[in-house]
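Undergrad: I am attaching a structure below and will ask some questions about it afterwards.
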Amino acid sequence: METPNQTDAAAVADVTQELSAYLTRNLGQELGPDEDYFALGLVNSLFAMELVNFVEQRYGIEVGVDDLDLDHFRTLGRLRDFVLAKTANRGAAA
Amino acid sequence: MPPVTAIKAAACYQPDSVLPVAKLPGLADLDETERETCAALGVEEVRADDSLSAFDLAARAASRALAEAHLAADDLDALILIDARAPEALMTSAATRLQALLGADRALTFSVGGLGCVSLTPALLAARGLLAADGDLEHVLVAHGSKPPAPLRYRHPVTVSGDGGAAAVISRGGPVRVLDIVQETNGDHWDLFRVDYRDRPTAQWREECRDIPSYSFRLAVETRNRLRALHRRLLDRNHLAPRDISRYLSHNLSVGAFRFTEEALGIEIGTSCFDNLRQYGHLGPNDVLLNLRTELDRGGLEDGQYAVLLSASPVAAWSLLLVQIGETGDGAAAAHYL
C-alpha cells in the first residue's frame, strides 16, 4: 500500500514528466528544470497562451490575472510547483 | 432603447509608394533574433511616404469620407481627430487645423487618444455620446492619420507599421449600424512600449519594449482573459451567440497575433485582415476601419449580418465593437456605399 508521501512523489514525477514532454515538443529542445525559456527568447505570446491553456485543461485549474507572475512559468521546475500548488488548493477547496 | 449610431461612410487613404519589409530602413542594424521575428510577422510591404505627415494622411481620408457620404464640410456638426503618435509641434491643435483645412466651421471639434491601436473606440464613444446628448447633431467626422513615430518601422517583437489615413462619418443612420461598444484598460502596462524623444535627434527615436517577457506572457495571457470576458459580455447583452457573428475583424499586428486571437476566442479572423496585414502592415487605430471597408468592398458582409471588430493595444487596452450591416438590420435598405 502506498504511503501519502509516496503518492505525492509519484504525482510530482508525473507532472514533471508531462510538462517536460510538452515543453520539449513545442520548444524544439529539451530543457533542464531551472532553464529559463523566457530569458532564452523561446516564448512568444502565442506559445505563452498555449502553455497556459495546456496546464488549465490538463490539470483542471484556472489561471487568473492574479496568477500571472512570470516567476510561476519561466522554468519547468517553477511551472511544476505552480501546477502542484494550484491542484492542491483546488483539492482543499473541494 | 439607445438611439441608433451608424457609420454613414468610411474611407481610407494609402500613399502610393510601396516599401518592402526586406528594405526597411534600419533593418541591417537589428540583431538576428529581431530580424527573424520581423520576417515572420506576415507583413510583406507597407506604404510609406516621408513627404506626408500623419496630419496629411488624416486630412486626405477625411475628404474622401465626406465625399463618399455626399456631405459638405459645412454639414459636419462635430469633428473628432484621433491624435497622432507624435505631434508635429507642441502647443498646437491638429484637430482645429483639420477643421480649418476642411472648412468645417460649424463643427464642434476636439481630439481623443491615449490608447494606441484602440483609440478608435474612444472616438466612437464620443461620437455616440454627442449624437445621444444633442438632438441637433446629425453628422460627426472621426479621422486619424497613422504614421509610426520612429524611423525604424519595426516594433520588436510586435509588428511593422505603415502609413495610412482613415476616416468615418458617424450619423444617426447609415449602412453599418454600431450596435454596441465594450472597452477595458489596465494602467499597469501604461509604458510597456515607449519612445524616448527628449534631447534626441529624430533619427535615434525607437519604439522599445520595457520588458519583453512581460509582453509575451503577462499581457498575452491577460489579453486572452480580457478578450474572452469582453466577447462573452458583448454577445450576452445583445442576445447573440458566436454562431450569429458572420465575420470577426481584428487589428493587424502579425499572423501570430491573429492566431492568438483565434485561439483565445475560438473564432476565425476574416481573410481581409490577413491580406491587409500583408500589404499595409499595422496602421494603428485605422486597422479595423480598413478591414471593415475591405470586407464590404469584397461583398463579404450582407445586409442583416453581424460583425465584431476587435482591437487590443500594448498599453493594455482592449475593445470590441458589434456592428450590423444595413440601415435597419433586416436588409430593408440595401444600398451601402462604404
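Undergrad: Filter region A:40-71 down to residues that are exposed (fewer than 13 other Cβ atoms within 10 Å of the Cβ) and under 12 Å from residue B:217 (Cα atoms) and give me whichever is modelled with the highest pLDDT.
TA: Per the stated criteria, the residue is A:71.
Undergrad: Take the residues in region A:62-77 that are at the interface with chain B (Cβ under 7 Å from one of its Cβ atoms) and among the β-branched types (Val, Ile, Thr); name whichever of them is nearest to residue B:212 (Cα to Cα).
TA: So, considering only residues that are at the interface with chain B (Cβ under 7 Å from one of its Cβ atoms) and among the β-branched types (Val, Ile, Thr), the one nearest to residue B:212 (Cα to Cα) is A:65.
Undergrad: Return the total of residues in region B:144-163 being assigned to a strand (DSSP E or B), closer than 17 Å to residue B:276 by Cα and either out of contact with any helix residue (DSSP H, G or I) (no Cβ under 6 Å at 6 or more places or on another chain) or free of Cβ contacts under 8 Å to residues at least 12 places away in the same chain (or both).
TA: Looking only at that region, the number is 2.
Undergrad: Return only the number of the condition from (1) at negative phi; (2) at pLDDT 95 or above that residue B:284 does not satisfy.
TA: It is condition (1) that residue B:284 fails.
Undergrad: Against the conditions (1) over 19 Å from residue B:253 (Cα atoms); (2) in a loop (DSSP other than H, G, I, E, B), where does residue B:10 fall short? Just the number, please.
TA: Looking at each condition in turn, residue B:10 falls short on (2).
Undergrad: What number goes with the only condition from (1) within 14 Å of chain A (Cβ to nearest Cβ); (2) farther than 28 Å from residue B:79 by Cα; (3) of a type in the set (Val, Ile, Thr) that residue B:185 does not pass?
TA: (2)
Undergrad: Right, next: In this structure, is residue B:137 part of a helix (DSSP H, G or I), outside the structural domain of residue B:284 (by TED's automatic domain parsing) and more than 15 Å from the chain's Cα centre (by Cα)?
TA: no
Undergrad: Go through (1) more than 14 Å from chain A (Cβ to nearest Cβ); (2) over 25 Å from residue B:85 (Cα atoms) and name the single condition residue B:276 misses.
TA: (2)
Undergrad: Condition (residue is small (Gly, Ala, Ser) and under 24 Å from residue B:211 (Cα atoms)) applied to region A:43-56: is it met by at least one residue?
TA: yes
Undergrad: Here is a follow-up. For region A:64-74, which residues satisfy the criterion of being in a loop (DSSP other than H, G, I, E, B) and either touching a residue at least 12 places away in the same chain (Cβ under 8 Å) or in contact with a strand residue (DSSP E or B) (Cβ under 9 Å, 6 or more places away or on another chain) (or both)?
TA: A:73, A:74
Undergrad: Return the pair list, or none, for Cβ contacts closer than 8 Å from residues in region B:210-238 that are within 27 Å of residue B:195 (Cα to Cα) and assigned by TED's automatic domain parsing to the domain that holds residue B:319 to residues that are among the basic types (Lys, Arg) and at pLDDT 90 or above, at least 6 apart or on different chains.
TA: From region B:210-238, the pairs are B:210/B:194; B:213/A:74.
Undergrad: Right, next: Restricting the first residue to region B:252-263 and requiring it to be in contact (Cβ under 8 Å) with a residue 24 or more places away in the chain and more than 10 Å from chain A (Cβ to nearest Cβ), which pairs with a second residue that is charged (D, E, K, R) and not in a loop (DSSP other than H, G, I, E, B) meet a Cβ separation below 6 Å and a spacing of at least six or different chains?
TA: Close Cβ pairs (under 6 Å, with a partner that is charged (D, E, K, R) and not in a loop (DSSP other than H, G, I, E, B)) amount to B:252/B:287.
Undergrad: Take residue B:45 and decide whether it is modelled with pLDDT of 95 or more, surrounded by fewer than 19 Cβ atoms within 10 Å (Cβ to Cβ), closer than 20 Å to residue B:107 by Cβ and in the same structural domain as residue B:138 (by TED's automatic domain parsing).
TA: Spelling it out, it is not the case that residue B:45 is modelled with pLDDT of 95 or more, surrounded by fewer than 19 Cβ atoms within 10 Å (Cβ to Cβ), closer than 20 Å to residue B:107 by Cβ and in the same structural domain as residue B:138 (by TED's automatic domain parsing).
Undergrad: Could you go through region B:175-193 and let me know if any residue there is in the same structural domain as residue B:296 (by TED's automatic domain parsing), modelled with pLDDT of 95 or more, buried (at least 17 other Cβ atoms within 10 Å of the Cβ) and among the polar types (S, T, N, Q).
TA: Taking every residue of region B:175-193 in turn, at least one turns out to be in the same structural domain as residue B:296 (by TED's automatic domain parsing), modelled with pLDDT of 95 or more, buried (at least 17 other Cβ atoms within 10 Å of the Cβ) and among the polar types (S, T, N, Q).
Undergrad: A further question on this structure: Looking at region A:10-61, which of its residues are closer than 20 Å to residue A:90 by Cβ, of a type in the set (Val, Ile, Thr), free of Cβ contacts under 8 Å to residues at least 40 places away in the same chain and more than 9 Å from chain B (Cβ to nearest Cβ)?
TA: Passing the criteria: A:55, A:61.
Undergrad: Also: Exactly one of (1) away from every other protein chain (no Cβ under 14 Å); (2) touching a residue at least 40 places away in the same chain (Cβ under 8 Å) is unmet by residue B:268. Its number?
TA: (2)
Undergrad: Which of the strands (runs of 3 or more DSSP E) contained wholly in region B:23-134 include at least 2 residues that are touching a residue at least 40 places away in the same chain (Cβ under 8 Å) and within 26 Å of residue B:316 (Cα to Cα)?
TA: Of the strands (runs of 3 or more DSSP E) lying wholly inside region B:23-134, those with at least 2 residues that are touching a residue at least 40 places away in the same chain (Cβ under 8 Å) and within 26 Å of residue B:316 (Cα to Cα) span B:78-82.
Undergrad: Report yes if some residue within region B:232-245 is in contact with a strand residue (DSSP E or B) (Cβ under 6 Å, 6 or more places away or on another chain), closer than 30 Å to residue B:69 by Cα and of a type in the set (A, V, I, L, M, F, W, C); otherwise report no.
TA: yes
Undergrad: Would it be correct to say that residue B:97 is surrounded by fewer than 24 Cβ atoms within 10 Å (Cβ to Cβ), of a type in the set (D, E, K, R), under 16 Å from residue B:61 (Cβ atoms) and in the same structural domain as residue B:31 (by TED's automatic domain parsing)?
TA: yes
The values are calculated or read from the model by the stated rules, or taken from the named source; none is laboratory data. Keep in mind that what you see is a predicted model, and the values were worked out from it rather than measured. Backbone-built Cβ (ideal geometry, glycine too); neighbour counts: all protein chains shown.
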